[in-house]
Amino acid sequence: MDAHEEYVWPRATSELILLPVTGLECVGDRLLAGEGPDVLVYSLDFGGHLRMMKRIQNLLGHYLIHGFRVRPEPDGDLDSQAMVAVFGSKGLRIVKVSWGQGRFRELWRSGLWSVSDWIWDARWLEENVAVALGHNSVVLYDPMVGRTLQEVHCTDRCTLSSACLIGKTWKELTMVAGAISNELLVWYPAATSENEPVAPDRRVSGHVGVIFSMSYLESKGLLATASEDRSVRIWKVGDLRVPGGRVQNIGHCFGHSARVWQVKLLENYLISAGEDCVCLVWSHEGEILQAFRGHQGRGIRAVAAHEQQAWVITGGDDSGIRLWHLVGRGYPGSGVSALCFKSRSRAGTLKAVTLAGSWRVLAVTDTGALYLYDLEVKCWEQLLEDKCFQSYCLLEAAPGPEGFGLCAMANGEGLVKVVPINTPSAVVDLTLFQGKVYSLSWALRGYEELLLLASGPGGVVACLEISAAPSGKAIFVKERCRYLLPPSKQRWHTCSAFLPPGDFLVCGDRRGSVMLFPSRPSLLKVPGVGSKAGPGLLGVSDSSGGGGSTSAEWGPVSTLSSLHGKQGVTSVTCHGGYVYTTGRDGAYYQLFVRGGQLQPVLRQKSCRGMNWLAGLRVVADGSMVILGFHSNEFVVWSPRSHEKLHIVNCGGGHRSWAFSDTEAAVAFAFLKDGDVMLYRALGGCTRPHVILREGLHGREITCVKRVGPITLGPEFEVPNFVQPDHLEPGSKGPGLIDIVITGSEDTTVCVLALPTATGAAHALTAVCNHISSVRTVAVWGIGTPGGPQDPRPGLTAHVVSAGGRAEMQCFSIMVTPDPSTPSRLACHIMHLSSHRLDEYWDRQRNRHQMVKVDPETRYMSLTVCEPDRPGPDPLVAAACSDGAVRLFLLQDSGRRLQLLAETFHHKRCVLKVHSFTHEAPNQRRRLLLCSAATDGSLAFWDLTTVLDHGSAALEPPAEPGLPYQLGNPCLTLQAHSCGINSLHTLPISAGHHLVASGSEDGSLHVFVLAVEVTELEEAAGEAERGPQLRVLEEYSVPCAHAAHVTGLKILSPNLMVSASIDQRLTFWRLGHGEPIFMNSAVYHVPDVADMDCWPVSPEFGHRCALGGQGLEVYNWYD
C-alpha cells in the first residue's frame, strides 16, 4: 500500500527500547550492551560506582545486536577511543567512539553492511573484518570502502548454529563451526587461493544437541562449547591455527537444568549461562565454584567478563544487566561445618539451638544443660544445668548485634529462666503459669527497652520487662502486664515486635492472626486504647518476687484474623512506618497502622516453591530479604533482585534452627544427626553484585496502560542518556514523567516511570499478587496525593488487573517525588480487594470427589465504567473466555469487588470490552459498553440505568445466589470474519461516535455510530427508554496489516494509529471515506500484545507504548 505524498505526517521515532540484552562486551573500563539495534555504553568505575554514559539509538537498523568486536590497538590503549565492529542478525556496522574523561562522542560510523546470511562471528584482521556466516562460509570485508574482498566456502555447506574465528591475519585464520549435526568443523579459509571450497581439517563430535556457543583460550589451548543437551564440554585442542592437531575431551560439565546459551573461557574460570536463568562459574576441571541467580524469564542471552577486576556481567531476556563478583575457589567464611558437640564429657541429646549474634551459639540438651559455643574460642562451655528443663525446653536469645548477652529458657511447668550469657550465675527464675509455656519471643525498642513475651495455657501472654543493674553484673525481671489472645485451637503467640515509637506491640499467633497490643500498662487506662479480655477471666499472680500483685489479661486493640491462614505467623518486622509479617502460607504482608487499627496494604508472594516463610530482614541499603524454606533447603531470598542470596541444605524447617545477620556476616545454625551445624558467610545478607539495570518482566508483556503524568522541578533532574541530536526543542529538562503500568505472563504488574527527555525507564515497583498470568489492566480515579487544591507533585490512581484463573485484583498506587531514588520517584502500593469466580469451589470440603463443571476462565479485557454522578460506585466490565461479559461493582473505592451481572450473549470467547460515554444537551449522560468476540461480532450495551433502583436493564437471576442477567444489547454488528483483538471509540460530533476495530486477519473496520436518545414522556411511572444506535458510515481495510492487529487508537477525527504482530506502527487518515494509509514505522518488539497512546504536550506531541516480548516507546510531534 503506497503512501500519498502529501500525507507523510506524522513520523514516529523510537525513544526507548526495553528488549532482551543479546550482546555484552567489556572494553577497558567500559561496558557495551546490545539491546535490539541500540547500544548502551556504561562506565565501570573501579571505585565501585557504575554509570550509564550514553544510548546510541538504532545503530544496526532493523537488526538485533548479537556481539561486539573491538579492534586491537598497537599500544593497547582503549581508555580514550576505540574502533568497534557491531554485528547481529544479517547486519554489521563499524563505529569509532571517544569516551575519555567521562564524555562520550561518536567520531565516525560506516554504512550498514547487509548480507544475505546470518552473521555468527566477526574478527578484526588488521584493518579488515572477517565474518563467519550461517552456511559455513567466511567473508573478508573492508569497512573503510564498504566492499567484500574475499569469500570462501567450506565443502560442507551445512547450516550453523554457532561459529568462532581464531587468528590475527588472513593466513592464520581458523574457522570453528558448530553444525546442526552436533559436530564441530575446523577449517582454514586461507587454504585455497582461488576461492574454491575448503574441506574441513577436523570433525569433533560429542554433544547430543545443537552447539549454541563456543569460546577459545589461546594461552592454554582450550576450547569450550555450550549445547542444547544442557552440558558444557571442555576440549584440549592446542593451537588451532596449526592444522592436523589432536582434539581431546577433558571435561563434560552438567550443572544447568535447561539449554546452555553462552560460554566464555577465562584464564582461571569457565563461565556459562543458559535458559534456566543461571550463570555458573566453573573451574577448568569442571567443578562448579559459583552460581549466579537473579534474572527472570527465558534465560541469560549475553555474558561478558573483566578478568582484572574479577567481574562477570550478564544480560537476560528480562532486559536486566547485572554485574557479579568472582570470589574464586575456597572463598573464606562460607559453607556448613559441624561444631562437634558429641563428646563423652557432655551427656544428653541436643534439643534446641539458637544464635546470640553471629559468633555465639547456644544449645540445650535433654538433661537441662545449657551450652555456649564461641566461634573465636572454638570450644563448648557449659553455662548451667537445671533438671526442671529435661523433658521439654524452649530456648530463645535476645535480639541485637550480639544478643545483648541474654537468653531465655522455658519448660512445661510454667517456669521461665532468663540467663545472662556472660554471668550465668545471675540467672533469674520466674514461675509464670500453672502449665506449659508454649512459646517465647523478644521485643526490642532500640537500645532503650527490652521485653520478653511468654505464652501459657488459655491464650495468656505474660509480658516481662528486662533491665540491667548499673554494675552490669545483674539483671532485673519484672512482669509488666498480661495479654489474652483471641480464642483458637492452637492459642499461643509466635512472634512480637515494637511498633515505633514504642506505644504498641505487634504480635502474631499460631492461628495466623496479627494483633496490636498496648506496650505499657499506663496506656491500658486510656479510654478506647485497650479493652479487657472479658469478665470471666481470672487475674494471674505475679511470682517474680515483685510484690505478688494481680494483673488482668488485656485483649488486642486491633486484630487481623487468620491473615496467614491456619499455618501461623512466623515473624513481625516494623520498618519505614509499615509492619511486615511472614507466614507459612508462602506470603508476606505489608500492613499499616492508622487510628490504632491494623490495615492490610499489600500481599506479596515469595519465589516459587518457597511456601514456608520464616522471617524478614531489612538490610543496610534499605531493601528487604526473605528467610524461608524451599523443600529441604533454608533460603535467603531477595525480592528486589529475585535471587537466592544464601542456600543451606539443612533438611527442612521442622527441626530446631536459628538465623542471625550482622553487617559482618550471616549465620544459620541447625540440629542434624545429633550435632550443631553452622553455616556462616561473610558480608551479611547482601550479595556483592550490582544491578546495572533492573529487569522488567520475565515473560511477555500482555498489557500496557498509561496512568498519568508527573511534573518535577529542576531540583529533581535525572541524567540524560539520549544523544543530543536526537532531542527535540520541547523535550529538554527533567520536566514530564509518564507513569505506565504493564502486566505480564510472569504474573506481575509493574509500575514504570518514563521521563520524556532521558531515554530511560525506571521500574518503580512490582505487584506479585496474581496466581496466573496478567492479561489486562484498567485505571480509574486518577488524582493527586493532596487533592485538587494541593500544588505538590504526585499522582494517585486505582488499578484493576485481571488474567488467568478468573482472578481479579484491585489496588491503589501513589507516586510521589523522592530525591534519594535513581528515578527521583517513590511508588506506594495498597492492595484493596480481590475476586475469583471459583472461590466457592475452594471452600468445598469434598471437592476432590466432585467434578468441576466450569473450566478455568480467563479475563481477556477490562474497562472501567464510571457513573455520571458522584454517588454510585464505578463498574468494571470484563471480557471472559467462557463467553460471558461480566459487570463487577467497585464498592467503597475498590475495597470490595462484587459480581453484579453477566450475559452470555456472544456464546464464545469475548476478547475485548470498551466503554464510552454519550453526552447531548439537555439529556442525561449515557454510559455505553462495546464488546467484541472471536467470531468478529460487536455488541453495544447501555449501562446508564444499571445502578438505578428498579432498573429494567438487569433481569433477575435464574437461581438465588447467582448474579443478575444483563439484557439484550442495543446493537449487534458483524465487523470481521474472525476474532477482534483491538477496539477503540472517539466522539466526533453531536450524537456521533467513531468506532474502529482490528482483527486477527489483519483487517481494520471503521464506522460512524449514531446514538439517538428519545425524550422521556411525562406520564407518571414511565420507564426510561434506552438509546437507539445506528451505523451511518462503514468502511473496511481488508489487508491493513500482515498479521493480527493487536493495538488501535483513534487520536483525532482525522488520524488513527494501529499496531500489529507484523511489527509495523501504521498511521491512517480518516474523515474522507475509507481510511487512507499515511506511513508506517517498523518497531523492534516481537509479538506486540497491546498498545497505548496519549498526548503529552503541544511541544512534545504524542507518545506510544508497545508491549510484547519487550517494551518500546515511540513519539511523534504534532
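Output the residues belonging to the stretch 228-264 that are over 25 Å from Leu173 (Cβ atoms), hydrophobic (A, V, I, L, M, F, W, C) and buried (at least 18 other Cβ atoms within 10 Å of the Cβ).
Hits for the stretch 228-264 are Val232, Cys253, Val260, Trp261.
Among the residues of the stretch 382-390, is any among the aromatic types (Phe, Trp, Tyr) and part of a strand (DSSP E or B)?
no
Could you say which residue among Asp675, Asp661 is modelled with pLDDT of 90 or more and of a type in the set (D, E, K, R)?
Values: Asp661 fails: modelled with pLDDT of 90 or more.
Being modelled with pLDDT of 90 or more and of a type in the set (D, E, K, R) holds for just one of Asp675, Asp661, which is Asp675.
Can you give me the number of residues within the stretch 995-1029 that are at pLDDT 75 or above and either over 24 Å from Ala1043 (Cβ atoms) or open to solvent by 40 Å² or more (accessible area, probe 1.4 Å) (or both)?
Qualifying residue count for the region: 11.
Residue check: is Ile647 in contact with a strand residue (DSSP E or B) (Cβ under 8 Å, 6 or more places away or on another chain) and over 30 Å from Ala826 (Cβ atoms)?
When the stated conditions are applied, Ile647 passes them.
Going through the stretch 478-498 one residue at a time, which ones are assigned to a strand (DSSP E or B) and open to solvent by less than 20 Å² (accessible area, probe 1.4 Å)?
Glu479, Cys481, Arg482, Tyr483, Leu484, His493, Cys495, Ser496, Ala497, Phe498
When the residues of the stretch 109-151 are filtered to those that are surrounded by fewer than 21 Cβ atoms within 10 Å (Cβ to Cβ), more than 15 Å from Val95 (Cα to Cα) and acidic (Asp, Glu), which remaining residue is modelled with the lowest pLDDT?
Top of the filtered list is Glu126.
Select, from Ala975, Ala1010, Ala958, Ala996, the only residue that is more than 42 Å from the chain's Cα centre (by Cα) and farther than 30 Å from Gln898 by Cβ.
Ala1010
For the stretch 656-667, give me the residue count where each residue is in contact with a Phe, Trp or Tyr (Cβ under 8 Å, 6 or more places away or on another chain) and farther than 15 Å from Val361 by Cβ.
Within the stretch 656-667, residues that are in contact with a Phe, Trp or Tyr (Cβ under 8 Å, 6 or more places away or on another chain) and farther than 15 Å from Val361 by Cβ number 0.
Just to verify a result, which residue in the stretch 291-311, among those that are within 17 Å of Leu645 (Cβ to Cβ) and part of a loop (DSSP other than H, G, I, E, B), is most open to solvent (accessible area, probe 1.4 Å)?
Of everything passing the filter in the stretch 291-311, Gln296 is most open to solvent (accessible area, probe 1.4 Å).
Give me a count of the residues in the stretch 203-218 that are crowded, with 17+ Cβ neighbours inside 10 Å, within 18 Å of Ser137 (Cβ to Cβ) and not hydrophobic (A, V, I, L, M, F, W, C).
Qualifying residue count, the stretch 203-218: 0.
Determine the pairs where a residue that is more than 18 Å from Phe504 (Cα to Cα), located within the stretch 472-483, has a partner that is part of a loop (DSSP other than H, G, I, E, B) and open to solvent by less than 30 Å² (accessible area, probe 1.4 Å) with Cβ atoms under 8 Å apart, the partner being 6 or more residues away or on another chain.
Final answer for the pair search is Ile475/Ala469; Phe476/Ala469.
Quick one: is Gly357 over 18 Å from Thr662 (Cβ atoms) and small (Gly, Ala, Ser)?
Details: over 18 Å from Thr662 (Cβ atoms): no; small (Gly, Ala, Ser): yes.
Here the answer is no, as Gly357 does not meet what is asked.
Answer yes or no as to whether Leu60 is open to solvent by less than 10 Å² (accessible area, probe 1.4 Å), outside any strand (DSSP E or B) and either within 16 Å of Ile119 (Cα to Cα) or β-branched (Val, Ile, Thr) (or both).
Spelling it out, Leu60 is indeed open to solvent by less than 10 Å² (accessible area, probe 1.4 Å), outside any strand (DSSP E or B) and either within 16 Å of Ile119 (Cα to Cα) or β-branched (Val, Ile, Thr) (or both).
If you go through the stretch 972-980 one residue at a time, do you hit one that is in contact with a Gly (Cβ under 9 Å, 6 or more places away or on another chain), of a type in the set (Val, Ile, Thr), open to solvent by less than 40 Å² (accessible area, probe 1.4 Å) and more than 23 Å from Glu1012 (Cβ to Cβ)?
Yes.
Any chance you could count how many residues in the stretch 266-290 are closer than 24 Å to Arg203 by Cβ and open to solvent by less than 10 Å² (accessible area, probe 1.4 Å)?
2
Give the residue, chosen from Ser982, Ser931, that is of a type in the set (Ser, Thr, Tyr), touching a Phe, Trp or Tyr at 6+ places or on another chain (Cβ under 8 Å), assigned to a strand (DSSP E or B) and at negative phi.
Numbers: Ser982 fails: touching a Phe, Trp or Tyr at 6+ places or on another chain (Cβ under 8 Å).
After ruling out the rest, the residue left standing is Ser931.
When only residues in the stretch 345-365 that are out of contact with any helix residue (DSSP H, G or I) (no Cβ under 9 Å at 6 or more places or on another chain) and in a loop (DSSP other than H, G, I, E, B) count, which is least open to solvent (accessible area, probe 1.4 Å)?
Here the answer is Ser358.
Within the stretch 629-659, track down each residue that is free of Cβ contacts under 8 Å to residues at least 24 places away in the same chain, outside any loop (DSSP other than H, G, I, E, B) and under 17 Å from Gly583 (Cβ atoms).
Correct list: His630 only.
Restricted to the stretch 375-392, and to residues that are at pLDDT below 90 and touching a Phe, Trp or Tyr at 6+ places or on another chain (Cβ under 8 Å), which residue is least open to solvent (accessible area, probe 1.4 Å)?
Here the residue is Leu375.
Within the stretch 304-311, is even one residue hydrophobic (A, V, I, L, M, F, W, C) and without any contact (Cβ under 8 Å) to a residue 60 or more places away in the chain?
Kept after step one, since they are hydrophobic (A, V, I, L, M, F, W, C), are these residues of the stretch 304-311: 304-305, 310-311.
Then keep just the ones that are without any contact (Cβ under 8 Å) to a residue 60 or more places away in the chain; that gives 310.
Within the stretch 304-311, one or more residues are hydrophobic (A, V, I, L, M, F, W, C) and without any contact (Cβ under 8 Å) to a residue 60 or more places away in the chain.
Condition check: of a type in the set (A, V, I, L, M), in a loop (DSSP other than H, G, I, E, B) and either in contact (Cβ under 8 Å) with a residue 24 or more places away in the chain or more than 19 Å from Glu1034 (Cβ to Cβ) (or both). Does Ala920 satisfy that?
Yes: the conditions hold for Ala920.
Could you identify the single residue in Asp935, Asp948 that is open to solvent by 30 Å² or more (accessible area, probe 1.4 Å), modelled with pLDDT of 90 or more and more than 24 Å from Arg836 (Cα to Cα)?
Asp935
Starting from residues that are in contact with a Gly (Cβ under 8 Å, 6 or more places away or on another chain) and open to solvent by less than 10 Å² (accessible area, probe 1.4 Å), keep the ones in the stretch 442-470 and report whichever is farthest from Val418 (Cα to Cα).
So the residue we want is Gly456.
Search the stretch 488-501 for residues that are closer than 29 Å to Gly400 by Cβ and pair each with any residue that is open to solvent by 60 Å² or more (accessible area, probe 1.4 Å) and part of a loop (DSSP other than H, G, I, E, B) when their beta-carbon atoms are under 6 Å apart and the residues are at least 6 apart or on different chains.
Cβ pairs passing all conditions: Trp492/Tyr438.
For the stretch 889-930, which positions are of a type in the set (A, V, I, L, M, F, W, C) and under 19 Å from Ala958 (Cβ atoms)?
Within the stretch 889-930, Leu899, Leu900, Ala901, Phe904 meet the criteria.
Please work out which residue is surrounded by the most Cβ atoms within 10 Å (Cβ to Cβ), limiting yourself to the stretch 606-637 and to residues that are more than 15 Å from Ser571 (Cα to Cα) and in contact with a Gly (Cβ under 6 Å, 6 or more places away or on another chain).
Val635
For the stretch 11-36, which residues satisfy the criterion of being under 25 Å from Pro1086 (Cα atoms), at pLDDT 90 or above and not charged (D, E, K, R)? Can you show your working first?
First, pick out the residues of the stretch 11-36 that are under 25 Å from Pro1086 (Cα atoms): 11-25, 32-36.
Subset that is at pLDDT 90 or above: 17-25, 32-36.
Ile17, Leu18, Leu19, Pro20, Val21, Thr22, Gly23, Leu24, Leu32, Ala33, Gly34, Gly36 - these are the residues of the stretch 11-36 that are under 25 Å from Pro1086 (Cα atoms), at pLDDT 90 or above and not charged (D, E, K, R).
The values are calculated or read from the model by the stated rules, or taken from the named source; none is laboratory data. Quick caveat, the model's predicted, so the values are computed rather than measured. All Cβ positions, even for glycine, are placed from backbone atoms using ideal geometry, and neighbour counts span all protein chains on display. These accessible areas exclude ligands, DNA and RNA; they are computed on the full protein's heavy atoms, side chains included. Shrake-Rupley method; radii C 1.70, N 1.55, O 1.52, S 1.80 Å.
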